[in-house]
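Engineer: Below is a structure I'd like to ask you about.
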Amino acid sequence: MLKVSNNQFYTGETCSLFTTEIAQRTREFHRQIDGYQPTPLVSLPQLASKLGVKAILVKDESHRFGLNAFKVLGGSYALGRLLAEHLEMDISEIDLKTVASKLDKPLVFTTATAGNHGTGVAWAAREMGQKAVVYMPKGSAQASVNRIKGLGAECIVTDVNYDDTVRLANKTAEENGWMLVQDTAWEGYDKIPTWISQGYMTMADEAIEQATAMPEGLPTHVMLQAGVGAMAGGVLGYLADKLGADNFKTVIAEPSAADCIFRSGSSKDGNMVNVTGDLNSIMAGLACGEPNPVTWPILRNCSDVFVSVDDNVAATGMRILGNPLHGDTAVTSGESGAITMGLLHLLANHPEGQKVAQNIGLDQDAVVMIFSTEGDTNADRYRQIVWEGKLPLND
């Protein structure tokens, strides 16, 4: 249920790719998109009291551009940067409404996705008058396929896992002269994944701006979920630069079926470790076996604890957020969005978790910030878990 590794490679060293200045530029780009507004930062005082901490602040990304997930922040910024580069313009000059008129014909963007990233790329391509072809790994939910197709993109489900689907998307892009917009990197492909992770900093910049104006104050503890680590690295990079890495504790959480960041952080040398196989998890957005080399250094340098948990921990987080204590606000959180809330519950109630909480000062003075990165993107499974009690914690 719970595997924990204290980070022996912590240095607190920040990264020049993820700074407050760059975050301001990415947020300025997002601000000019129709419908942009900061997603809510919700305080849960009753739950905080029950779990023995001062405050719990939840960034609710189910409200992002009507797409029910945060991923569009990365995809839209990367597409904007690509179009700016293609047109030899500055990103600040890109207007989503008029950029298509500057091209002889639409560009084709392609990506591999477990769902939310592909939705973001499809939406951004549509908004910019471009085309998108999205590949999904075997076992992908039909609801995700339908959502992507509904945004005007072509969607192809493969018969291989996520990491092999990434390789297939890359091969197809090269053969057809398409632009690959992938949120993980490899040798020779790191510019676009960097832009995507930088796009995610808008979410973190909003959260700190909101927390500053709230009585609970700035976070002393941040809990981030990781697939390849693109979001976790971008957010942590920003927070380390903005607040100072030594001024808060960071916990990185992953599904046990695809815990490549946990294994990398638990390794003898701190080098990236890949996980292979089917990578089966209800947390489809986190079911990735190969760390992102762009963001791994910041996760290695600035995380305090790496944790690997089973699917029922995320399911518990979904139920807690969706069924709040009297006086708290309900948050509709999907499987990948709720892993950190489920983990916070474990750290307060599980004997092994309580040891971790004590080690990192997760006590009555702690202000915990978590990011619920998606809503009920798979509505049927959300009801199975939250209504019908699928994947109980005592399994």
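The values are calculated or read from the model by the stated rules, or taken from the named source; none is laboratory data. Keep in mind it's a predicted model, so treat the numbers as computed, not measured. Cβ coordinates were reconstructed from backbone atoms using ideal geometry, including for glycine residues, and neighbour counts include every protein chain displayed.
Engineer: Taking the residues in region 295-331 that are of a type in the set (Val, Ile, Thr) and under 18 Å from the mean Cα position of the chain (by Cα) as candidates, determine which candidate is surrounded by the most Cβ atoms within 10 Å (Cβ to Cβ). First the steps, then the outcome.
Structural biologist: Within region 295-331, the subset of a type in the set (Val, Ile, Thr) is 295, 298, 305, 307, 309, 313, 316, 320, 329, 331.
Now drop any that are not under 18 Å from the mean Cα position of the chain (by Cα), which leaves 295, 298, 305, 307, 309, 313, 331.
Working: THR295: 32, ILE298: 27, VAL305: 21, VAL307: 28, VAL309: 27, VAL313: 29, VAL331: 25.
Among those residues, the one meeting the criterion is THR295.
Engineer: Mind counting the residues in region 346-392 that are closer than 13 Å to GLU335 by Cβ and not in a loop (DSSP other than H, G, I, E, B)?
Structural biologist: Initially, region 346-392 is screened for residues closer than 13 Å to GLU335 by Cβ, giving 372-386, 390-391.
With not in a loop (DSSP other than H, G, I, E, B) added as a condition, the list becomes 372, 374, 379-386.
Here the count works out to 10.
Engineer: Looking at GLY337, is it part of a helix (DSSP H, G or I), within 18 Å of the chain's Cα centre (by Cα), more than 14 Å from VAL305 (Cβ to Cβ) and touching a residue at least 24 places away in the same chain (Cβ under 8 Å)?
Structural biologist: On the way: part of a helix (DSSP H, G or I): no; within 18 Å of the chain's Cα centre (by Cα): yes; more than 14 Å from VAL305 (Cβ to Cβ): yes; touching a residue at least 24 places away in the same chain (Cβ under 8 Å): yes.
Judged against the criteria, GLY337 is not a match.
Engineer: Shifting gears a bit: In a helix (DSSP H, G or I) and either at negative phi or surrounded by 16 or more Cβ atoms within 10 Å (Cβ to Cβ) (or both): does that describe ILE156? Talk me through it step by step, then tell me what you get.
Structural biologist: On the way: in a helix (DSSP H, G or I): no; either at negative phi or surrounded by 16 or more Cβ atoms within 10 Å (Cβ to Cβ) (or both): yes.
No, not satisfied.
Engineer: Tell me which residues, restricted to region 293-315, are more than 24 Å from ASN378 (Cβ to Cβ) and in a loop (DSSP other than H, G, I, E, B). Can you show your working first?
Structural biologist: Initial filter on region 293-315 (more than 24 Å from ASN378 (Cβ to Cβ)): 293-306.
Correct list: PRO293, VAL294, THR295, SER303, ASP304.
Engineer: In the set ALA114, ALA78, which member is within 19 Å of the chain's Cα centre (by Cα) and assigned to a loop (DSSP other than H, G, I, E, B)?
Structural biologist: Details: ALA78 fails: assigned to a loop (DSSP other than H, G, I, E, B).
Unique residue meeting the criteria: ALA114.
Engineer: Picking from SER308, SER267, SER303, which residue would you name as being within 18 Å of ASN7 (Cα to Cα) and without any contact (Cβ under 8 Å) to a residue 12 or more places away in the chain?
Structural biologist: Going through SER308, SER267, SER303 in turn, the sole match is SER267.
Engineer: Just to be sure I understand the filter: pairs with C-beta atoms under 9 Å, separated by 6 or more residues or on different chains, first member in region 75-90 and over 15 Å from THR202 (Cα atoms) and assigned by TED's automatic domain parsing to the domain that holds THR119, second member of a type in the set (Ser, Thr, Tyr) and surrounded by fewer than 24 Cβ atoms within 10 Å (Cβ to Cβ). Which pairs pass?
Structural biologist: ALA84/SER92
Engineer: Here's a follow-up. Is it true that some residue in region 249-257 is under 20 Å from ILE22 (Cβ atoms) and crowded, with 24+ Cβ neighbours inside 10 Å? Give the derivation first.
Structural biologist: Going residue by residue through region 249-257, those that are under 20 Å from ILE22 (Cβ atoms) are 250.
The next check asks that each one be crowded, with 24+ Cβ neighbours inside 10 Å; those that pass are 250.
The answer is yes, given that some residue of region 249-257 is under 20 Å from ILE22 (Cβ atoms) and crowded, with 24+ Cβ neighbours inside 10 Å.
Engineer: Taking the options ILE208, ILE148, ILE196, name whichever one is without any contact (Cβ under 8 Å) to a residue 40 or more places away in the chain, within 30 Å of SER43 (Cβ to Cβ) and part of a helix (DSSP H, G or I).
Structural biologist: Details: ILE148 fails: within 30 Å of SER43 (Cβ to Cβ); ILE196 fails: without any contact (Cβ under 8 Å) to a residue 40 or more places away in the chain.
On inspection, the qualifying residue turns out to be ILE208.
Okay, residues lined up against (1) farther than 19 Å from GLN225 by Cα; (2) touching a residue at least 60 places away in the same chain (Cβ under 8 Å); (3) of a type in the set (Phe, Trp, Tyr):
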| position | (1), (2), (3) |
| --- | --- |
| SER16 | yes, no, no |
| LEU41 | no, yes, no |
| LYS50 | yes, yes, no |
| LEU67 | yes, no, no |
| LEU73 | no, yes, no |
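Engineer: Tell me, yes or no, whether region 370-379 has at least one residue that is of a type in the set (Phe, Trp, Tyr), farther than 24 Å from ALA143 by Cα, within 18 Å of the chain's Cα centre (by Cα) and buried (at least 24 other Cβ atoms within 10 Å of the Cβ).
Structural biologist: No - not one qualifying residue is present in region 370-379.
Engineer: What are the residues in region 42-64 that are more than 16 Å from the chain's Cα centre (by Cα) and aliphatic (A, V, I, L, M), if any?
Structural biologist: We begin by selecting, within region 42-64, every residue more than 16 Å from the chain's Cα centre (by Cα); these are 42-57.
VAL42, LEU44, LEU47, ALA48, LEU51, VAL53, ALA55, ILE56, LEU57, listed by residue number.
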